[in-house]
Amino acid sequence: MQNEPSITVLITLKNSASTIKRCIDSVLKQNYPKSKYKIFVVDAFSTDGSYEILKRFGNKIKLYQIKGWPPKAYNWAIRKIKTDYIALIDGDCVADKKWIKELVNGFKTNDVLAVAGYCGTPKNASKLQKIIGRELESRFKEFQTYIPRAPTMNLCFKTETSRKLKFDENLRVSYDTDFGYRLTKIGKMYYNKSAIIYHYHRTTWKSFFKQQYLTGVFVPRLYIKHKGKTIGDNISKTTMIVQPHIFNLAILGLMLSMINPFYLNLTFIMLIILLLLFIENLTKLVRRFSDIYWFLGMFIVRVVAWSIGLAVGIYKLFKR
């Protein structure tokens with residue numbers, strides 16, 4: 001066991017008071033030599049009591065406070081970390097006890113620079129969290145052995161590699177997507193479904209809308225950097241990528257119909273296509289009749305948020 005590589009679990013957070021204790025507790029209970037891993041936490045000056053909860057762990061964790069978005073905190077922490085590997089987990093996640101061990105096991109060959117794991121949903125999550133989680137899990141279950149990118153809520157990489165690549169601090173969201181794309185240009189990202197975390201997703205429709213809106217805002221900037229990825233990847237399927245464009249065409253048709261009623265046909269056709277895409281997903285996700293309403297609500301909120309965010313993101317690019 002003493003030959004196990006050293007690893008630092010890096011957690012960045014802001015206002016995760018309802019989940020951060022469970023997160024830290026789960027990392028402390030890992031089935032991995034205690035002398036071989038550390039917990040490094042960066043709090044972005046939380047205002048909900050998260051920092052006070054973290055201070056109770058004392059010397060079990062290394063605790064710091066940094067202002068700014070996660071990419072800045074990651075880069076700051078990476079410069080300080082000296083272990084062989086760095087494993088990322090979000091403050092609203094809980095790790096399986098074999099999580100670290102399974103991540104490390106994924107580094108099977110020298111060209112594997114990062115290892116990602118499966119993201120599930122806790123059993124005690126709310127109905128909305130379970131609906132969001134089930135849809136995300138359906139995509140994770142289709143991952144191949146090697147993937148182009150993974151979210152930072154369950155990602156491990158060589159410390160040396162992260163120092164070379166760094167996270168793009170200009171991206172408020174999608175920084176993990178950009179990091180993965182750049183990493184897999186120089187090496188491989190291995191997917192180990194046995195490295196499991198459980199994620200507490202957004203608890204309200206408002207917070208879910210805001211999350212998806214911000215994703216839309218930064219999509220144009222992301223795809224300018226990675227033009228070849230506009231057709232989708234292992235997480236953002238092509239059928240998802242086209243949805244905001246279809247919705248915006250529907251809105252355009254509605255606006256043009258004020259000049260010529262003929263354009264209502266465009267709106268009708270686009271909405272039918274969008275509905276068919278929704279139905280395709282429903283057939284894979286629905287377990288009971290009431291789920292239909294939840295998933296339809298999620299799809300509609302998400303596509304509207306993406307569409308508005310995408311429009312705002314494109315406007316900001318032109319303004320710059």
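Quick note: the coordinates plus some simple rules give every number you see, no bench work behind them. Predicted model, so just to flag it, every value in this text is computed and none were measured. Using ideal geometry, Cβ is built from the backbone for each residue, glycine included, and neighbour counts are taken over all protein chains shown.
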Eigenvalues of the Cα gyration tensor times 5, then square-rooted: what semi-axes does that give for segment 1-97, in whole angstrom, largest first?
22, 16, 10
Would you mind calculating the relative contact order of segment 213-319 from Cα pairs under 8 angstrom and at least 6 residues apart, reporting the percent as a whole number?
47 percent
With a ≥ b ≥ c the root eigenvalues of the C-alpha gyration tensor of segment 133-234, is it rounded (a/c under 1.5), prolate (a/b larger than b/c) or oblate?
oblate
Assign one of three labels to segment 213-319, namely rounded, prolate or oblate, based on the Cα gyration tensor with a ≥ b ≥ c the square roots of its eigenvalues; rounded applies when a/c is under 1.5, prolate when it is not and a/b is larger than b/c, and oblate otherwise.
oblate
Residues of segment 50-89 with the amide nitrogen closer than 14 Å to a label point 7 Å from the Cα of residue 34, along Cα-to-Cβ, please.
59-61
Tell me, 230, 19, 283, 177 in order of fewest to most beta-carbon neighbours within 10 Å?
283, 230, 19, 177
Shape descriptor, the chain: equivalent ellipsoid semi-axes (Cα gyration tensor, sqrt 5λ, whole Å, largest first) stand at 36, 21, 20
Using DSSP, restrict attention to beta bridges with both residues in the chain and report what percent are antiparallel, rounded to the nearest 5.
30 percent
Lysines near residue 227 by alpha-carbon distance under 16 Å, same-chain residues fewer than 8 away left out - which ones?
185, 237
So how far, in whole Å, is the C-alpha centre of segment 127-152 from the one of segment 242-278?
29 Å
Taking a 25 Å limit on the Cα-Cα distance, which of the listed pairs 38/130; 101/210; 130/206; 55/141 fall beyond it?
38/130; 101/210; 55/141
Cut-off under 5 Å, modelled amide H: who pairs with residue 84 long-range:
6, 7
With labels modelled as points extended 7 Å from the Cα through the Cβ direction, what inter-label distance (nm, one decimal) is found for residue 290 paired with residue 160?
5.4 nm
Tell me what the chain gives for mean residue ellipticity at 222 nm when only DSSP H runs of n ≥ 4 count, each as -39,500 (n - 2.57), the sum divided by the residue total, rounded to 500 deg cm²/dmol.
-15000 deg cm²/dmol
List the residues, sorted by chain then number, that are 5 or more residues from residue 39 or on another chain and whose placed amide H is less than 5 Å from its amide H.
9, 62
Karplus couplings for segment 285-300 from phi (6.51 cos²θ - 1.76 cosθ + 1.60, θ = phi - 60°), rounded to Hz, Gly and Pro as x?
10, 6, 10, 9, 4, 4, 4, 4, 5, 5, 5, 4, x, 5, 4, 5
Subtract the Cα-Cα distance of residue 300 and residue 111 from 0.36 nm times their separation in residues, and report this length gain in nm to one decimal.
64.0 nm
Order by neighbour count: 98, 127, fewest other Cβ atoms within 10 Å first, most last.
127, 98
For a quick check, take a GNM of the chain with Cα springs below 10 Å and name the residue from 268, 179, 218 with the largest mean-square fluctuation.
268
FRET E, pair residue 245, residue 97, Förster distance 41 Å, beta-carbon r, rounded to 0.05
0.45
